Each structure stands twice: as structure tokens, then as C-alpha cells.
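Here the structure comes first, spelled out in C-alpha cells, and everything after it is commentary.
The values are calculated or read from the model by the stated rules, or taken from the named source; none is laboratory data. Note that the structure is a prediction, hence the values are computed from the model and not measured. No Cβ is skipped: glycine too gets one built from the backbone with ideal geometry, and neighbour counts run over all protein chains shown. Just so you know, the surface numbers come from the protein's heavy atoms only, side chains and all, with ligands and any DNA or RNA stripped out. Shrake-Rupley method; radii C 1.70, N 1.55, O 1.52, S 1.80 Å.
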Amino acid sequence: MIKVSVLVPVYKTEKYVRQCFSSLFGQTYENIEYIIVNDASPDNSMSVIRDTLKAFPHRENHVHFIENETNCGIAKTRNLLLRSATGEYVYFVDSDDFLETTAIETFVKVALDNKADIVRCNFNYYSDGKVKAEIREPLERHEDLFSDCLKDGKMRALWCLFVRRDVYEKHNLILRLFARGMGI
């Protein structure tokens, strides 16, 4: 069974983290490592995450917490998460988002069935109190997928990409995109 690294930066999302981590710890796919970086969040986000984990005791040995002493920002934190990952595939989740419980299982199945290095998903978001759908068209090249997530000089929607970890490593994509898009 392929190991997946779910990578979550946490900063000031106390209001949302219970729903986020309930959806992550409740995934139907079992071989997941969860890497969580507290980016010096000043609220109770980490306490809520630890409390949520108690409801999923089978996940406790699969969760790795990293503490940034000072707030490093999203780009450096995501790079730290990626360097810490050991899964064959990685998936970034923002700590104010949530997934369907079969999301990781579906990503793995699609990746294996299609021998895909990258799987891109559609998603729903809230706007003006309504749920709206974002439908993504298939793209063939790695660079096109990552460029599509880079808009207005900032990395966006990284969480809609399920990526074989060695793609990041072989092409140094995340570091390059973050350097170009985030001013690092």
C-alpha cells in the first residue's frame, strides 16, 4: 500500500481546524503520515488539533508535529513540510479546509490506475454564503499544472494537487515556484 504524506501548515485557524482534522484523521485510506507544522500560531489551533486526534486513536502514531519558534510564513513552512515528508505521494492541505473522507483513497486509486505523477482535483468553496464548484480541466505537463496554481504572483490552490514526491525533488518545482511567487 502506497504511503501518502498529508502536509498541513497551521496558523490562526482555530475556528476551522476541528473540521479540517476530523476530515483528515477520518480518511478511509490507512497508510497516511500526517505532518503538521505549527507556524507559531498565537491561538489555540494546536490544542484543538490534539484534542481532535483523541477521537482517532488509530492515527496517533502516524502524526508528526513540528513547531516553528517564530512565524516563518506559508512558503517556508510548506518547504519544511515537503522536506519532512516520507510518503511516495504528498498532499498539501490548508488548515481551514476539509476533505471528503474518501479523498486520499480516490487520489491514490486515480494515480495508480493512470500511472500519474500528479492528480488534480475539482473543489468546492464558499462565497457569499453559497457553495460554488471549481472545475479544473486536465493538463498534461507538470509545469502547466504548477503554473496554473501560481496566480497573481502567489501560490494558490496547491491543495488541489496530489503529487508524487519525487516530482518536487527531481524538478525542484516547489522551491522554484515559491522563490518566484513568494519573494524568497
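Only residues that are open to solvent by 20 Å² or more (accessible area, probe 1.4 Å), assigned to a helix (DSSP H, G or I) and either in contact with a Pro (Cβ under 7 Å, 6 or more places away or on another chain) or within 13 Å of Val10 (Cβ to Cβ) (or both) were counted in the range 71-104, giving 2.
Is at least one residue of the range 18-32 free of Cβ contacts under 8 Å to residues at least 12 places away in the same chain, open to solvent by 20 Å² or more (accessible area, probe 1.4 Å) and either among the polar types (S, T, N, Q) or part of a helix (DSSP H, G or I) (or both)? No, there is no match, as no residue in the range 18-32 is free of Cβ contacts under 8 Å to residues at least 12 places away in the same chain, open to solvent by 20 Å² or more (accessible area, probe 1.4 Å) and either among the polar types (S, T, N, Q) or part of a helix (DSSP H, G or I) (or both). Looking across the range 47-62, the residues that are touching a strand residue (DSSP E or B) at 6+ places or on another chain (Cβ under 8 Å) and either open to solvent by less than 20 Å² (accessible area, probe 1.4 Å) or in contact (Cβ under 8 Å) with a residue 40 or more places away in the chain (or both) come down to Ile49, Leu53, Arg59. Looking at the range 39-80 only, could you name the residues that are among the hydrophobic types (A, V, I, L, M, F, W, C) and at pLDDT below 95? Hits for the range 39-80 are Cys72, Ile74, Ala75, Leu80. For the range 47-61, residues that are over 15 Å from Ser22 (Cβ atoms) and either basic (Lys, Arg) or within 17 Å of the chain's Cα centre (by Cα) (or both) total 0. In the range 106-118, the residues that are modelled with pLDDT under 90 reach residues that are open to solvent by 20 Å² or more (accessible area, probe 1.4 Å) and in a helix (DSSP H, G or I) with C-beta atoms within less than 7 angstrom, at least six apart or across chains, in these pairs: Ala116/Val110; Asp117/His142; Ile118/His142.
Among what's in the range 1-17 and is open to solvent by 50 Å² or more (accessible area, probe 1.4 Å) and hydroxyl-bearing (Ser, Thr, Tyr), pick the residue that is modelled with the highest pLDDT.
Among those residues, the one meeting the criterion is Tyr11.
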